[in-house]
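A.B. asks: Dropping the structure in here first, questions after.
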Amino acid sequence: MIPGKDTQVGKSETQKEKYGAFALFDIEHFLRRILKNWYWFVFMLFIGYAISWVYSKYYAQNVYASDLSLSISNNTSSYFTPNQSINFIWGQGGNQDGVYLKKMLLSRSHNEFLVKELGLYLNYSTKGMIKSTYLDKYDSPVFVEIDKKHLQQVNYPITLLPKSNGSYEVSLPEEGQSTSLYSYESEGFQNINVYNRPPNKIIKVNEWYTTPNLRFKLVQNPGTPTIKLDNIIVNLSAVNQSVNDIVSTIGVDFDKEISTIMIISKKGYNLNSTVSFLNKSVAELQKKRLEDKNVVNRNTETYLQGNLDIIRRKLDSSAAVLNYLKTSEKLYNIKDRDEKSLDRIKELEAKKADIVSKISSLNNIKNTLQSQNFDKMIATNAAGFEDGFFSASVTELKALYTKRAEMAQIYKPNSEPIKEVNRLINEARTGSFNSLKNYYTKYYDDINKIDRQVSDANLDLSSFPEKQRKYLDAERGYNMIEATYNSLLGRQNETQLNVATNQSDITVIDPAKNLGQHPISPNIKMAKIGIISGMLLLPVLFILIGELLDNKIRNIKELLGATKIPLLGVIGNNNNENMLTVLEQPKSSVSEAFRGIRASVRFLMDNQEEKGKVILITSSIGGEGKTYISINLASVLGLSDKKTILLGMDLRKPKIFGDFKIDNKYGISNYLTGEVGIDQIINKTNIPNLDVATSGPIPPNPSELLMSQRNINFIEELKEKYDFIIIDSPPVGLVADSYELMKYSDANIYVVRHEYTEKYMLKMITEKYHNNEIEHLGLIYNDYNIKQGYGYGYGYGYGYGYGYFDEDKNYKEPLLIRIRNRVQTIFNKK
């Protein structure tokens, strides 16, 4: 069946635009090309495996990780412990104390201390033939100790080569010495004068090595390294660089179930180094946290000690007055003393002295709040109370002041965020001072009550003589000062006990250990997969690019779908040296395909019974096989006992005469110019019913000759003599001559060559066909590779192997077909 023309009435412009439009990408052909180039994938698989093996063996730098878990207890109230209430104000998580510790762990000050304490600005490694391996400090037989007062060049590898008798050769790079040197004291760079490269030198342990850009000595490792090294490479780095490198490798997470458990991890090229760093980091953090917790107690101890010194002087002065009265006035033995009243007064005045001391501490706390000097805050128990709300409000107030200082760098003073934080500060201050006001009120009420009770007791002593009352007043004053002193001394002892028994709120659950952990990266397996996949993708990429850039016709189904032009037949590849396939290989599949086309072309004509049918054959450009199609179609028509003439009207590029061994001295061009008659240009061939009129010499005006009235008359005259006139016309993609000749033809054949014709070349002929500018048009798909199958079902393209065509004797089934047939044979036997 030949697909007919799309005759849908009233086609839209969108539908018309689709005619001649091919798909950008042909997935079927792409997959065929991949299968065809299978050997490249095998080669790339081998190359990828080799590269991945070399990478994993010699270039992959393993990264290790160790971790440490700790718990954070928060069972003590402190001004310096982050309070939970502020979290809800600023939308932060519930474990604010853990967040605070996390920031400390990642802080520059904490890690800078560790860098200096552990000497982490010195990096040790060793190099094999290809790969460098990072070392822990204690893997090296010697340590490098730099002179921090001397300028040093950083990022400048120092190679130590072991020699005999415990000595080492210091080898420096051949180039790279810098005049910009680093000072470990000022932590900055300084410039010096240009100097020559320091020569290699052998030094012993504890011997200083001095050059303009370095000064260090080697210190023996107190331990015994487990590995023997052929070389040790030491690299110095700036403190800031070391800190940044370390912070970027630290990770801090919280347990999902218990938020007070923190998990700290450290990544690095050496497992022992990560273990020692984590343990040292947490140990320092515990120490720092303990110091923070003791700040308030120490402030309180200092405050109490100052007050004790003052009270002690007052007590000494009061004791001197009392002793004077006893000795000079002889008042040490007063008769008829009301001991009960005196004891009562002594007890009340001792209570008053204690309350006065608490008020003094309360005044200190109040003044500290007003001055915002929170680092000088004393404990509330010095003022005689334990108030969680007050401690929380102070902590909140401290955090709000810190927050405002941070926000002041971003927002203007009158901005809404600043106003909001100021409002919260005022609320926190009001809450703090209201708490203190309550204690002031209570303490003053207690003092007033004591004063009234003392006043009542004094009435019982009014009967004593003046001198005795003077002595009793002095004694009461001494007792009151002594009570104050004892009260302060008791609170000082309590504070000292708190300092002595205080513990860090950080408890290590699992310290970091070297348990032989495997590297966390690189993932060698995934790296191998990635490398091999990348190598396998290269041929896919090249094929894909080639497919996208390739604009040639390769698929019959796509061709018919885009053009909607009938397909007359499919012609296989011509292996002959000449074009006379039908004559020389009559039993070939190609010859049979031309016989099929002979039958199909009749359906393009309106009246098949009339004589003198004109069949015009053209193509897009030269080389697509229109002359080959013309010769063999004419031959097959002639062999079918139809009187046929083949006209070579491609006057610009004459071809026909060579295969038929005809002289091209006189041809159509001579006839159209009137030089010769019609009988002189018509030549007989070996086929009785086939004549040929060659093009003749190339004329200067071929288009004018082909469109002349003489040529039209020539064709009309031939129609009276022949059953079929086959016109080998010029390519329509180069000149427009063929379009004019199509007006006088009964059938038009457009030749498309497999993997040669460009897709865009079919746009014009397709548009003209669907715009009814050209009628009776059919396609021939030429030079198709028979091994691929025709892919559409037209023509005689079933392939070889059935013993029907001449090619079958040389036919060999494809490998996949042989495997399939073999499997079918095995199952059929069963």
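Only the coordinates and a few stated rules stand behind these numbers; no lab work does. Source: prediction; values computed, not measured. Neighbour counts run over all protein chains shown; Cβ positions are idealised from the backbone, glycine included.
A.B. asks: Step through the table entries Lys57/Lys137; Lys665/Lys719; Lys116/Lys149, compare each Cα-Cα distance with 20 Å, and write down the pairs that go over it.
C.D. replies: Lys57/Lys137; Lys665/Lys719
A.B. asks: Averaging over all projection directions, find the projected area of the Cα convex hull of region 122-237 and quote it in nm² with one decimal place.
C.D. replies: Averaged projected hull area, Cα only: 7.4 nm².
A.B. asks: Another question, then. Out of all DSSP beta bridges in region 556-799, what portion is antiparallel? Express it as a percent rounded to 5.
C.D. replies: In region 556-799, DSSP labels about 10 percent of beta bridges as antiparallel.
A.B. asks: Give the residue list of trypsin sites (Lys or Arg not before Pro) in region 529-607 that are DSSP loop and have at most 12 other beta-carbon atoms within 10 angstrom.
C.D. replies: Passing both the DSSP loop test and the Cβ count: Lys587.
A.B. asks: Let me ask you something else. Measuring from centroid to centroid over Cα atoms, what is the spacing of region 224-250 and region 733-767 in Å?
C.D. replies: Taking the Cα centre of region 733-767 as reference, the centre of region 224-250 is 75 Å away.
A.B. asks: Then there's this: Take the alpha-carbon positions of region 506-576, form their convex hull, and give its projected area averaged over all directions (one quarter of the hull surface) in nm².
C.D. replies: Result: a mean projected hull area of 13.1 nm².
A.B. asks: Just the Cα atoms of region 488-621, one point each, no solvent: what log10 I(q)/I(0) does Debye give at q = 0.15, 0.20 Å⁻¹?
C.D. replies: -1.05, -1.31
A.B. asks: From the alpha carbon gyration tensor of region 556-799, can you work out the equivalent ellipsoid semi-axes (sqrt of 5 times each eigenvalue) and give them in Å, largest to smallest?
C.D. replies: Output for region 556-799: semi-axes of 27, 20, 17 Å.
A.B. asks: Right, next: Beyond a 29 Å Cα-Cα separation, which of these cross-linked pairs lie in this structure: Lys376/Lys437; Lys228/Lys287; Lys36/Lys653; Lys403/Lys513?
C.D. replies: Lys228/Lys287; Lys36/Lys653; Lys403/Lys513
A.B. asks: While we're here: How about region 118-199: which chymotrypsin sites (Phe, Trp or Tyr not before Pro) there are in a DSSP loop, with at most 13 other Cβ atoms within 10 Å of their Cβ?
C.D. replies: Of the chymotrypsin sites (Phe, Trp or Tyr not before Pro), the ones in loops of region 118-199 whose Cβ has at most 13 other Cβ atoms within 10 Å are Tyr195.
A.B. asks: Which of the aspartates and glutamates could a cross-linker span from Lys684 if the Cα-Cα distance has to be under 19 Å and same-chain partners fewer than 8 positions apart are dropped?
C.D. replies: Glu584, Asp641, Asp659, Asp663, Glu717, Glu720, Asp723, Asp728
A.B. asks: Loop-only chymotrypsin sites (Phe, Trp or Tyr not before Pro) in region 579-640, please: DSSP not H, G, I, E or B, and at most 14 other Cβ atoms within 10 Å.
C.D. replies: none
A.B. asks: How much length would be gained if the chain were fully extended between Trp40 and Glu187, taking 0.36 nm per residue of separation minus their Cα-Cα distance, in nm to one decimal?
C.D. replies: Contour length minus the Cα-Cα distance gives 47.2 nm.
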